[in-house]
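Working notes, structure below.
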Amino acid sequence: MGFFVKNLSFGYGENIILHNITLRANAGRFTVLLGKNGSGKSTLIKIMAGLLPCKAGYIEVLGRDIGKLTSTERAGLIGYLSQFHTPIFPFLVEEVVLTGRASYVFTVPGRKDLEKTDEAMDKVGITHLRKRPYTELSGGERQLVMVARVLAQEPEVILLDEPLSHLDFSNQARLLALIKDLVVKGLTVVAVLHDPNTAFFYGDDFLFMKDGFIIEPQKSKDPWDASTLTEVYDTRIETVPFRGRSLVMPI
Amino acid sequence: MRIICFNALLLHLLGFIAGQECAAAKKNSPIAVTDFRGKQLKLDKPATRIVCLIESALSGLYMLGEEGRVIGIPANIYQGSVFRYYAAMDKRIKERKLPAPGNWDFVNIESVMALKPDLVIIWSSQTESITALEERGVPVFGVFLNRKEDVYKEMLSLGQLTGNLKRAEKLVDYTKKEIRRFQERVGAIPDAKRQSVYYMWAQGNLETSCGNSTVNDLIELSGGRNACAFMPDEHLVVNMENVIAWNPDLVVMWYNEKKNPSDIIKDPQWQTIHAVRTGRVHELPEIFLCDLWTLKFHFVVKMVAKWAYPELFKDIDLQKEKTAMLENLYGDKLKGI
Amino acid sequence: MKPFFKQVIFYALPLPLIVVSLFVGPSNVVNTSDIIDWLMRSISFSPVPDAQNKQMVEAIVLGVRLPRVLLAFSIGSALTVSGNSFQALFRNPLVSPDILGLSSGAAFGAAIALSFPLLPLQPMAFVFGLLAVGLSYFLALTRKGVSTVSLILGGIIVSGIFTALLTMVQFLTDPFKLQTIVHWTMGNLHNASWSKVRSSALPILFGIAWLFVMRWRMNVIALGDEETKAVGLNPEKEKLLILIPATFIASASVAVAGMIGMVGLAVPHMVRMMTGPDNTKTQPVSIAFGGSFLLIVDNFSRTITSFEIPIGIFTTLIGGPFFIYLLKKSLMVCREV
């Protein structure tokens with residue numbers, strides 16, 4: 001089991017964001033989390049990544065209780081890609097990717113860390129950008145750099161919060177292909193995606209959220225069934241069959 | 001007929017004499033004094049309600065015996081080492097009854113005005129306070145002291161303002177006489193044999209006074225040479241290397257709460273200096289007795305002269321000199337202190 | 001210029017600079033030939049004809065110049081490393097070690113020590129510098145940890161409090177002590193001595209070494225709290241691990257030399273201009289260049305006048321315009337702020 005979340009609730013003061021969430025994400029598969037803006041997806045992902053405290057509930061990652069992990073252990077297991085990056089100093093791309101190795105480094109990175117960094121940049125296809133200042137890159141390029149950073153960290157589980165935002169069409173395709181490749185190699189990926197179509201085309205398993213609750217699709221129906229999506233997105237949906245699954249459009 | 005003429009003559013004579021006296025009286029009453037700002041003060045009669053915000057000027061008023069005219073004193077009289085002297089001289093101060101509405105830096109104008117002064121004595125650099133007081137019609141005597149002549153001038157002005165010029169002149173003459181006494185002996189010392197003196201303020205080892213200052217006067221009068229006389233500045237910070245190069249024969253420290261001469265003698269950077277090698281580092285013992293801004297500065301001259309030329313002044317007993325000075329300046333008021 | 005050559009220049013610069021600085025000083029005292037003479041004889045152990053002169057050269061070069069040169073270098077390094085670390089920690093290129101009230105606290109500690117004879121100056125300044133930063137940190141601490149904004153706000157408050165307290169001390173003290181306090185806060189290296197070198201060497205070396213170990217981790221912190229957590233470091237812990245030594249060395253510097261402005265703020269920018277923001281490069285270069293910078297400025301201040309001007313004035317007058325130049329030319333190594 002990649003992730004097992006049980007009875008997770010979370011809120012700020014009286015403002016409850018997550019209501020008693022229970023979910024399962026299979027190991028070695030690409031799980032996509034879908035839902036409207038403000039449904040609590042980002043918060044959920046952050047708590048699963050260990051970035052926010054899990055005070056009410058229980059989370060297990062790859063069979064281990066997340067609350068009992070040290071930061072180093074956690075970093076070795078879970079990689080997290082956040083949505084917003086605000087750099088101040090113009091570090092070079094390779095320097096940024098290198099910081100992903102933080103849990104393996106004591107004082108300064110060694111040769112292995114440099115090698116892993118090179119590998120990560122290569123996998124993501126940004127080696128040609130390595131000597132460019134991070135601050136000079138476009139939003140999409142920066143996104144790819146952060147993905148490389150996560151890869152350099154060598155985690156077993158990757159959590160991505162809207163990884164495709166800022167990316168152009170071809171880079172989206174490239175990143176999704178990369179994710180598929182990682183999953184084939186055994187990584188567990190849980191991603192929040194904006195667009196259901198992309199999700200259904202690339203993803204293996206699907207989770208839905210609305211207003212801080214998990215929406216369970218009806219057992220007999222496919223995840224891309226119009227009824228589920230209508231409930232999740234509060235919009236009328238029309239579906240078009242496509243390659244064994246469906247494309248969906250809001251009307 | 002003869003009786004009437006004689007009476008008329010007598011009457012005229014009396015009238016004439018009376019007239020003369022009146023004229024004489026009119027000539028005596030207005031006091032005109034120029035303060036250190038160059039401003040002329042005009043008083044109809046000697047001041048009777050003086051607020052004095054300068055400690056050194058205040059001690060001058062006590063020397064004149066005119067402390068009865070003082071109704072306000074500087075705040076720092078009540079703190080620090082000078083208190084015991086003033087407490088011994090004036091019961092009002094001992095009982096802390098005399099108002100202290102300000103000092104060298106801050107003045108409470110309201111408190112001063114509440115005392116209804118007819119004269120305020122204050123540093124001429126306190127321009128804001130001076131303006132505030134003069135606007136309210138109070139005569140202000142501004143003081144600025146740089147050289148010993150200024151100290152004399154201040155004393156004489158105080159004498160005029162209190163109607164006791166005679167005593168003021170007596171005190172100044174006494175001071176000059178005492179200085180001449182020592183001058184006669186040191187005057188004979190040839191230039192080459194004059195001791196070079198380094199004066200050290202309490203703010204720091206490297207803070208000294210050079211050419212144009214009361215310190216310089218002091219050193220010259222005691223027969224020495226100021227180690228940094230060639231620099232014109234009144235107060236400045238010098239470089240340790242320079243002090244080593246000047247190699248003074250005598251180091252005189254202003255009264256210092258944090259350091260003693262032994263600290264300088266032990267200081268590794270001062271080891272090569274002649275004064276340290278011969279153990280001739282001295283500290284002025286007291287603020288009140290050694291105040292360079294009052295006539296008491298001649299006592300410091302004597303002390304420094306004795307330190308600089310111990311053989312020449314073997315016969316001088318500083319303790320006796322101190323007692324004599326206090327008696328001459330303050331009369332009986334500080335007997336036995 | 002190739003990075004390799006650049007590095008060579010930075011790391012090779014300090015030692016020759018220190019040696020050359022020993023020759024810098026008021027030339028009327030000892031000239032270059034005297035020093036070379038003395039060096040030659042010391043190395044070859046040959047007898048010296050002029051013992052007096054030798055003593056003086058030794059006293060000046062070893063007793064006055066060498067400690068001053070070493071102190072200037074170590075403080076320059078310390079302030080630059082500290083400033084660089086603070087800027088990485090706060091992810092803000094406009095902060096300096098003063099941001100958390102360090103200077104105000106230290107100045108207050110010094111003012112109290114200068115006003116009361118029994119309190120030792122350096123320890124008081126050091127302790128209060130640390131206290132101020134600790135207080136800022138404590139004020140900013142919430143259950144969620146310490147955010148950058150709340151730390152800066154805490155620093156502003158604490159800075160204000162200590163400045164007010166400092167003003168109060170200045171208000172209540174006498175003119176001599178006040179002058180000492182003001183002189184101290186202006187920053188000074190002219191009182192440099194071996195005892196000052198000894199007392200500051202250990203904390204500064206220790207702190208710089210600690211920060212040197214942390215140099216790569218600063219890159220991680222610089223990307224953000226969330227990003228730091230994501231790669232497995234605890235941002236709170238890392239921030240403290242940077243804050244503590246950076247405060248230590250800045251406080252030790254202020255304790256022995258007063259407040260020297262601009263070095264902690266502007267010099268790290270100069271370093272970054274030359275090396276880029278990677279802290280594995282900026283830290284060692286900060287040590288070499290920061291120390292050299294202050295040493296050069298001090299050499300300049302030593303030769304330009306025969307009396308001492310507080311070095312803080314020079315660093316501000318040189319650093320300030322340079323900073324403006326950097327801003328105008330958009331040469332600052334950071335995103336537009």
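The values are calculated or read from the model by the stated rules, or taken from the named source; none is laboratory data. Not measured: the values here are computed from a predicted model. All Cβ positions, glycine included, derive from the backbone under ideal geometry; neighbour counts span all protein chains shown.
Hey, any hits in region A:12-27 for a residue that's modelled with pLDDT of 90 or more, farther than 30 Å from C:Lys281 by Cα and surrounded by 15 or more Cβ atoms within 10 Å (Cβ to Cβ)?
No; the residues of region A:12-27 include none that is modelled with pLDDT of 90 or more, farther than 30 Å from C:Lys281 by Cα and surrounded by 15 or more Cβ atoms within 10 Å (Cβ to Cβ).
Taking the residues in region A:59-104 that are among the β-branched types (Val, Ile, Thr), within 22 Å of C:Phe86 (Cα to Cα) and surrounded by fewer than 22 Cβ atoms within 10 Å (Cβ to Cβ) as candidates, determine which candidate is modelled with the lowest pLDDT.
Across region A:59-104, the extreme among qualifying residues is A:Thr86.
Does C:Trp216 qualify as being in contact (Cβ under 8 Å) with a residue 40 or more places away in the chain, crowded, with 18+ Cβ neighbours inside 10 Å and away from chain A (no Cβ under 14 Å)?
No, not satisfied.
Tell me whether region C:270-282 contains one or more residues that are in a helix (DSSP H, G or I), under 14 Å from the mean Cα position of the chain (by Cα) and either within 14 Å of chain A (Cβ to nearest Cβ) or under 28 Å from C:Ser199 (Cα atoms) (or both). If you could, list the steps in order and put the result at the bottom.
So in region C:270-282, the residues in a helix (DSSP H, G or I) come out as C:270-275, C:279-282.
From what's left, under 14 Å from the mean Cα position of the chain (by Cα): none.
So far as region C:270-282 goes, no, none of its residues is in a helix (DSSP H, G or I), under 14 Å from the mean Cα position of the chain (by Cα) and either within 14 Å of chain A (Cβ to nearest Cβ) or under 28 Å from C:Ser199 (Cα atoms) (or both).
So which residues in region A:33-46 are buried (at least 24 other Cβ atoms within 10 Å of the Cβ) and without any contact (Cβ under 8 Å) to a residue 40 or more places away in the chain?
none
C:Ile249 versus (1) crowded, with 21+ Cβ neighbours inside 10 Å; (2) more than 11 Å from chain A (Cβ to nearest Cβ); (3) more than 12 Å from the chain's Cα centre (by Cα); (4) in a helix (DSSP H, G or I): which is the lone unmet condition?
Unmet condition: (3).
Name, by its number, the condition in (1) more than 10 Å from every other protein chain (Cβ to nearest Cβ); (2) over 19 Å from the mean Cα position of the chain (by Cα) that does not hold for C:Pro203.
Here C:Pro203 meets the rest and fails (2).
Taking B:Trp104 as the residue in question, decide whether it is buried (at least 19 other Cβ atoms within 10 Å of the Cβ) and farther than 17 Å from B:Arg49 by Cα.
Considered against the rule, which asks whether it is buried (at least 19 other Cβ atoms within 10 Å of the Cβ) and farther than 17 Å from B:Arg49 by Cα, B:Trp104 comes out as no.
Taking only region C:4-50 into account, find how many residues are within 14 Å of another protein chain (Cβ to nearest Cβ), modelled with pLDDT of 65 or more and over 26 Å from C:Ile309 (Cα atoms).
2
Looking at the structure I just gave you, is B:Ala202 surrounded by fewer than 23 Cβ atoms within 10 Å (Cβ to Cβ), at the interface with another protein chain (Cβ under 9 Å from one of its Cβ atoms), out of contact with any strand residue (DSSP E or B) (no Cβ under 8 Å at 6 or more places or on another chain) and at pLDDT below 90?
no
Exactly one of (1) in a helix (DSSP H, G or I); (2) under 22 Å from the mean Cα position of the chain (by Cα); (3) within 12 Å of another protein chain (Cβ to nearest Cβ) is unmet by A:Thr135. Its number?
Condition not satisfied by A:Thr135: (2).
Mind checking which pairs have a first residue in region C:224-241 that is more than 7 Å from chain A (Cβ to nearest Cβ) and at positive phi and a second that is of a type outside the set (A, V, I, L, M, F, W, C) and part of a helix (DSSP H, G or I), Cβ under 7 Å, 6 or more apart or different chains?
Taking only residues 6 or more apart or on different chains, not a single pair turns up.
Can you name every one of the helices (runs of 4 or more DSSP H) wholly within region C:83-178 that holds 1 or more residues which are within 30 Å of C:Ser195 (Cα to Cα) and among the hydroxyl-bearing types (Ser, Thr, Tyr)?
Ranges flagged: C:102-115, C:148-172.
Out of curiosity, is A:Val232 in the same structural domain as A:Ile45 (by TED's automatic domain parsing) and in contact with a Gly (Cβ under 9 Å, 6 or more places away or on another chain)?
No.
Just checking: which of the helices (runs of 4 or more DSSP H) contained wholly in region B:271-337 hold 3 or more residues that are touching a Leu at 6+ places or on another chain (Cβ under 7 Å)?
Per the criteria, B:297-308, B:318-330.
Can you tell me which residues in region B:258-307 are of a type in the set (A, V, I, L, M, F, W, C) and closer than 24 Å to B:Glu241 by Cβ?
Once the filter is applied, which keeps residues that are of a type in the set (A, V, I, L, M, F, W, C) and closer than 24 Å to B:Glu241 by Cβ, region B:258-307 yields B:Ile264, B:Ile265, B:Trp270, B:Ile273, B:Ala275, B:Val276, B:Val281.
Quick check on C:Ile221: is it within 14 Å of the chain's Cα centre (by Cα) and within 22 Å of C:Thr282 (Cβ to Cβ)? Give the derivation first.
Numbers: within 14 Å of the chain's Cα centre (by Cα): no; within 22 Å of C:Thr282 (Cβ to Cβ): yes.
Judged against the criteria, C:Ile221 is not a match.
Looking at (1) under 16 Å from B:Trp293 (Cβ atoms); (2) in contact (Cβ under 8 Å) with a residue 40 or more places away in the chain; (3) assigned to a helix (DSSP H, G or I), which is the one condition that is false for B:Arg167?
Every condition holds for B:Arg167 apart from (1).
Would it be correct to say that A:Gly76 is free of Cβ contacts under 8 Å to residues at least 12 places away in the same chain, within 14 Å of chain C (Cβ to nearest Cβ) and small (Gly, Ala, Ser)?
no
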